[in-house]
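These notes are about the structure you will find just below.
The values are calculated or read from the model by the stated rules, or taken from the named source; none is laboratory data. Predicted model, so just to flag it, every value in this text is computed and none were measured. Note that each Cβ is placed from the backbone with ideal geometry, even for glycine, and that neighbours are counted across all protein chains shown. Ligands, DNA and RNA are excluded from the accessible area calculation, which covers all protein heavy atoms including side chains. Shrake-Rupley method; radii C 1.70, N 1.55, O 1.52, S 1.80 Å.
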Amino acid sequence: MTSYFDLSGNTALVTGSARGLGQGIALALAEAGADLICVSLTSSEETVRSAEAFGGKALGIEADLGDHSKLQGVFDEALTLTRRVDILVNNAGIIRRAPAKDHSAQDWFDVINLNLSTAFLLTQIAGRHMLERGSGKVINICSMLSYQGGINVPGYTASKHGIAGLTKAFANEWAASGIQVNGIAPGYMATDNTAPIRSDEERTRSITDRIPAGRWGTAEDVKGPAIFLASSASDYVNGHVLCVDGGWMAR
């Protein structure tokens, strides 16, 4: 049974993998046997070092993924590790908080640019490579705000609705070519992005009370779902967004 989840011989490119959920996902894939390419705005040295401890190859690339002119170069550099990319995880993203009436145009464009446009373009680039071989896995990091409206995050909400739609659009076109495109929608996670919320004790309590599991999630909670969607165990799963939310969406 474990062979279904064995990623040995595969290479995974994970964006935003220097810390947080991206780091957790990257290390999960490395532990399952994948070679690893970590692409982040800042150094991924810690992630690379930890990945290599599992016995595989790892490469860190520092890049501003919001600069779309650099995406092809990033992918070409990734190919220098093993000459192939079997798994793409679009995790890199930002959030800007402000009431809708005050949400600046610059914040809107910055969030849509990285969270949605970069994911679209990098998936295109990686997808052409995967289509040539007739196999590949793409995992998009969505959100509960792929389904809900949120508060004070109109740009982020729009980007996460968009990435869920792109997941389905790419899946429709590529499933017959042996490429599975799916998403993970984390619930409330204890990460840097949620630090402003967690600093408000009353709001944190109200959120926790609404989560059937009774706690916020961590990077550990996303590891298993990521391995599943990256492995042959999910070869007939296409265009699905898997909620990893402690039951939030079910309540």
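Quick notes on this structure:
- Single residue of Ala92, Ala30, Ala26, Ala51 found to be among the small types (Gly, Ala, Ser), under 21 Å from Thr167 (Cα atoms), touching a helix residue (DSSP H, G or I) at 6+ places or on another chain (Cβ under 7 Å) and open to solvent by less than 10 Å² (accessible area, probe 1.4 Å): Ala26
- The range 1-23: number of residues that are within 23 Å of Ser232 (Cβ to Cβ) and open to solvent by 20 Å² or more (accessible area, probe 1.4 Å): 9
- In the range 205-239, residue nearest to Ala171 (Cα to Cα) [restricted to those that are surrounded by 16 or more Cβ atoms within 10 Å (Cβ to Cβ) and over 19 Å from the mean Cα position of the chain (by Cα)]: Ile211
- Pairs, first of a type in the set (Lys, Arg) in the range 44-69, second not in a strand (DSSP E or B), C-beta under 8 Å, six or more apart: Lys57/Leu81; Lys57/Thr82
- Each residue in the range 57-81 was checked for being of a type outside the set (D, E, K, R) and open to solvent by 30 Å² or more (accessible area, probe 1.4 Å), and 8 of them qualify.
- Given (1) within 17 Å of Leu29 (Cβ to Cβ); (2) under 20 Å from the mean Cα position of the chain (by Cα), number of the condition Lys57 does not satisfy: (2)
- The listed residues are Asp192, Asp209, and the only one of them that is of a type in the set (Asp, Glu) and closer than 21 Å to Ala92 by Cβ turns out to be Asp192.
- Residue in the range 146-204 that is surrounded by the most Cβ atoms within 10 Å (Cβ to Cβ), counting only those that are of a type in the set (A, V, I, L, M) and under 18 Å from Asn113 (Cα atoms): Ile163
- Identification of helices (runs of 4 or more DSSP H) wholly contained in the range 189-236 with 3 or more residues that are touching a residue at least 24 places away in the same chain (Cβ under 8 Å) yields 220-230.
- Flag if Val111 is in contact (Cβ under 8 Å) with a residue 40 or more places away in the chain, in a strand (DSSP E or B), open to solvent by less than 10 Å² (accessible area, probe 1.4 Å) and closer than 30 Å to Arg251 by Cα: no
- Condition met for Val138 (of a type in the set (Val, Ile, Thr), modelled with pLDDT of 95 or more, in a loop (DSSP other than H, G, I, E, B) and surrounded by 14 or more Cβ atoms within 10 Å (Cβ to Cβ)): no
- Enumeration of residues in the range 118-129 that are under 11 Å from Ile179 (Cα atoms) and either among the basic types (Lys, Arg) or crowded, with 24+ Cβ neighbours inside 10 Å (or both): Arg128
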